[in-house]
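See below for the structure under consideration.
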Amino acid sequence: MKSLLKWISITLLVLIVFLGVAPILFKSKIVAFVKEETNKQLNAKIDFGDFGLSLLTSFPNFSLSIDNISVANIGEFEGDTLFSAKNLSASINLMSVISGDQYKIRKVSLDHPRIYAHVLKDGKANWDITKPDSTPATAESEPTKFKMNLKKFEITNGYIIYDDASLDVYSLLDNFNYTLSGDFTQDNFEMQNDGTIDRLTVKYGGVPYLNKIKTTINAALEADMPNFKFTFKNNEV
């Protein structure tokens with residue numbers, strides 16, 4: 001019995017050490033791969049700073065953290081930064097990563113995101129950054145490996161601008177804090193939206209209809225995902 005307990009203890013110790021060291025060993029390769037592949041797929045420049053991976057703190061989920069991430073426009077919208085954030089973190093089901101079948105994302109958090117959505121007078125938008133798919137069309141397309149098994153989405157201290165010259169509309173959400181929760185694994189579920197905006201500004205035709213208004217959001221939706229139908233319950237805005 002003592003011998004068995006000894007080997008169990010050693011095995012557990014080796015497993016813990018591996019879970020702690022593995023992300024560090026593969027970190028540089030993962031960073032290079034992510035930057036190279038994302039920039040191949042997008043008409044934009046993707047960059048980020050420190051890249052953290054952890055299996056211990058969120059086991060059996062896989063914790064991913066990216067600091068100072070940014071998506072900068074090129075071409076016609078060069079000079080715009082579509083998206084930036086101090087930190088983007090996600091919790092991913094470990095077994096889904098190991099199986100390679102479908103990657104199930106449990107939680108996504110954005111810290112200090114800055115989003116600039118810009119539309120020109122001709123209707124072109126700066127978020128249309130996906131390169132055209134050059135792969136020949138086939139009768140059956142390969143299913144994506146990403147499955148949004150999302151439980152929670154959070155934004156902390158967001159700064160979001162929507163500037164649409166085609167409609168002459170401008171809106172600003174300053175210090176936007178938001179939480180979206182619900183069981184997205186279900187076809188029908190309650191989607192809860194909670195948030196605050198310290199300063200909400202909305203302009204149309206240059207006229208400010210809302211100017212730095214403090215706003216609270218508490219909205220529950222009955223979500224029918226197969227039909228993409230959402231019904232409001234008792235809500236407060």
Next on the checklist: If you take every residue apart from Asp174 with its C-beta less than 15 Å away from the C-beta of Asp174, what net charge results, scoring Lys and Arg +1 and Asp and Glu -1?
Outcome noted: +3
Checklist outcome for this item: Here the FRET efficiency for Val202 versus Ser166, based on Cβ atoms and R0 = 22 Å and rounded to 0.05, is 0.85
Item to check | Gained length - Glu222 relative to Lys45, 0.36 nm times residue gap less alpha-carbon distance | outcome: 60.0 nm
Item to check | Residue-count net charge about Leu221 - beta-carbon cut-off 10 Å; Lys, Arg +1, Asp, Glu -1 | outcome: -1
Checklist entry - Between Ala117 and Lys152, what is the FRET efficiency for a Förster distance of 22 Å, r being their Cβ-Cβ separation, to the nearest 0.05? => result 0.40
Item to check | HN-Hα J in Hz across region 151-157 - Karplus 6.51, -1.76, 1.60, θ = phi - 60°, x for Gly and Pro | outcome: 9, 8, 10, 10, 10, 10, 6
Item to check | Extended-chain gain in nm, criterion 0.36 nm per residue less alpha-carbon gap, Asp194 and Thr215 | outcome: 6.5 nm
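Every number here is computed from the coordinates shown, using simple stated rules; none is lab data. Since the model is a prediction, treat every value here as computed from it, not as a measurement. Backbone-built Cβ (ideal geometry, glycine too); neighbour counts: all protein chains shown.
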